[in-house]
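Below is one structure, written out as structure tokens; comments come after it.
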Amino acid sequence: MAPSAEAERLARRLRDLRESRGLTQATLSEALSKDVRVAVPTISSWESLTNPKLPPKDRLRSYALVFSKTSAGDTPRLPREQDLTATERDQFNALHQELIDLRDAVRGVVAPSSGGSIWTFESGPITIVCPEVPDSVRSPLAKQENPNYAWAYRYADLDALIELWGQVRASNPKLPVEHVLSTEVGDSHLNGHLIVLGGIGWNRVAVRLQRKLADLPIRQVVVPDLENGEIFRLGARGGREFRPEWMEIENDGPKTVDQRRIAAEQAEDVWRDGRRRELVEDVALLARLRNPYMAQGTVTICSGVYSRGVLGAVRALTNTKVRDRNEAYIANRFPSGSFAMLLRVEMTSNGGAVAPDLQTPANRLFEWSPDDEAGE
């Protein structure tokens with residue numbers, strides 16, 4: 001497979017730096033090996049235009065130090081940053097930032113937009129992929145023969161879509177924004193920026209993304225003891241699990257089996273062994289990663305065990321009471337822009353989803369970024 005344009009651009013820049021000073025790979029290897037040995041084959045792999053390897057961040061800093069101090073014909077050396085002159089320090093800072101930006105582009109890191117919002121994109125298209133309600137539980141108004149037919153009744157997580165749709169359109173007035181059902185997604189929808197609502201139960205794209213995002217340690221899985229929702233698990237089977245919280249309430253509702261069945265179909269209350277339970281906390285996944293279908297794009301995932309979790313993930317970055325604080329937290333905690341978080345989403349007394357405040361540690365159940373991985 002040919003390397004991405006971003007990977008080739010970084011490799012070519014590293015090669016050009018070396019050749020502009022008239023250095024061989026062996027000479028550069030000696031200069032970079034002041035503390036830890038950097039072999040010639042390693043430098044060659046970083047410069048390869050056919051199969052480039054990604055240099056660690058600390059090595060790019062060493063590159064910037066070497067080339068801020070080395071002129072053509074000089075013997076290269078790795079100086080200390082405090083030994084640089086004012087002019088050399090400016091050269092070092094500019095080159096270091098350039099190399100980090102090139103590396104981030106290879107990894108699909110999302111740079112903060114000029115508007116500062118996670119929902120503001122530099123280019124399009126932007127596609128919101130929504131789950132589809134199965135035929136067995138679809139509203140009668142979703143049937144075309146119904147005189148009050150509406151296509152929107154095929155959409156699950158419709159409250160999350162309504163909240164998000166207005167925010168994304170307002171943040172990107174000049175870019176194409178579209179929402180589609182996961183069953184409608186074609187090749188053209190996978191280009192640009194994807195926003196995926198809902199989990200693996202009713203969203204086919206969410207299932208495929210989970211397979212393609214192999215580095216993401218959070219998996220959504222079906223378990224036999226949970227109906228109508230899929231829990232989150234870290235890693236493979238046996239890893240830590242994140243489940244919603246329920247509260248038992250007094251059994252003042254329907255008494256017969258048929259009455260309980262009808263009530264369960266008409267409300268969010270769940271009956272177990274003659275006892276009534278109410279959902280009080282859901283678990284949400286909020287993630288922003290590189291689009292595995294298009295290197296220049298991003299994928300944003302807003303999922304939950306239940307629909308309240310999906311809405312909570314969306315509202316964390318749309319609700320005006322917490323949005324700015326949450327944006328600031330993400331920018332500080334994940335400066336590269338790539339991240340995944342499991343969040344606690346509490347319910348109001350009338351069953352609504354509370355927008356989680358990320359400044360509250362209890363609301364952050366798990367955090368991960370590619371930058372947290374060893375060697376990054």
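Could you grab me the full set of residues in the range 79-96 that are assigned to a helix (DSSP H, G or I), open to solvent by 60 Å² or more (accessible area, probe 1.4 Å) and not polar (S, T, N, Q)?
From the range 79-96, those assigned to a helix (DSSP H, G or I) are 81-83, 86-96; that's our starting set.
Checking which are open to solvent by 60 Å² or more (accessible area, probe 1.4 Å) leaves us with 82-83, 86-87, 89-91, 93-94.
Hits for the range 79-96 are D83, A86, R89, D90, A94.
Give all pairs with beta carbons closer than 8 Å in which a residue from the range 7-32 that is at pLDDT below 90 meets a residue that is basic (K, R); count only pairs at least 6 apart in sequence or on separate chains.
A31/R77; L32/R59
So in the range 36-62, with the set limited to residues that are touching a Ser or Thr at 6+ places or on another chain (Cβ under 8 Å) and in contact (Cβ under 8 Å) with a residue 40 or more places away in the chain, which one is least open to solvent (accessible area, probe 1.4 Å)?
P52
Only residues in the range 204-217 that are over 16 Å from M341 (Cβ atoms) count as the first member; pair them with residues that are of a type outside the set (G, A, S) and open to solvent by less than 20 Å² (accessible area, probe 1.4 Å), Cβ under 6 angstrom, at least 6 apart or cross-chain, and list the lot.
Within 6 Å, the pairs are V205/V129; V205/V196; A206/V196.
Please work out which residue is modelled with the highest pLDDT, limiting yourself to the range 214-256 and to residues that are touching a Gly at 6+ places or on another chain (Cβ under 9 Å) and open to solvent by 90 Å² or more (accessible area, probe 1.4 Å).
Per the criteria, the residue is V222.
Please count how many residues of the range 325-356 are modelled with pLDDT of 95 or more and open to solvent by less than 30 Å² (accessible area, probe 1.4 Å).
Going through the range 325-356 one residue at a time, the tally reaches 7.
Among the residues of the range 313-324, how many are assigned to a helix (DSSP H, G or I) and surrounded by 14 or more Cβ atoms within 10 Å (Cβ to Cβ)? I'd like the intermediate steps shown before the answer.
Filtering the range 313-324 for residues assigned to a helix (DSSP H, G or I) gives 313-315, 323-324.
Subsequent filtering for residues that are surrounded by 14 or more Cβ atoms within 10 Å (Cβ to Cβ) retains 313-315, 323.
So the answer is 4.
The values are calculated or read from the model by the stated rules, or taken from the named source; none is laboratory data. Model, not experiment: these values are computed from the prediction. Glycine gets a Cβ as well: all are built from the backbone with ideal geometry, and neighbour counts include every protein chain shown. Protein only, heavy atoms only, side chains kept; ligands, DNA and RNA dropped before computing areas. Shrake-Rupley method; radii C 1.70, N 1.55, O 1.52, S 1.80 Å.
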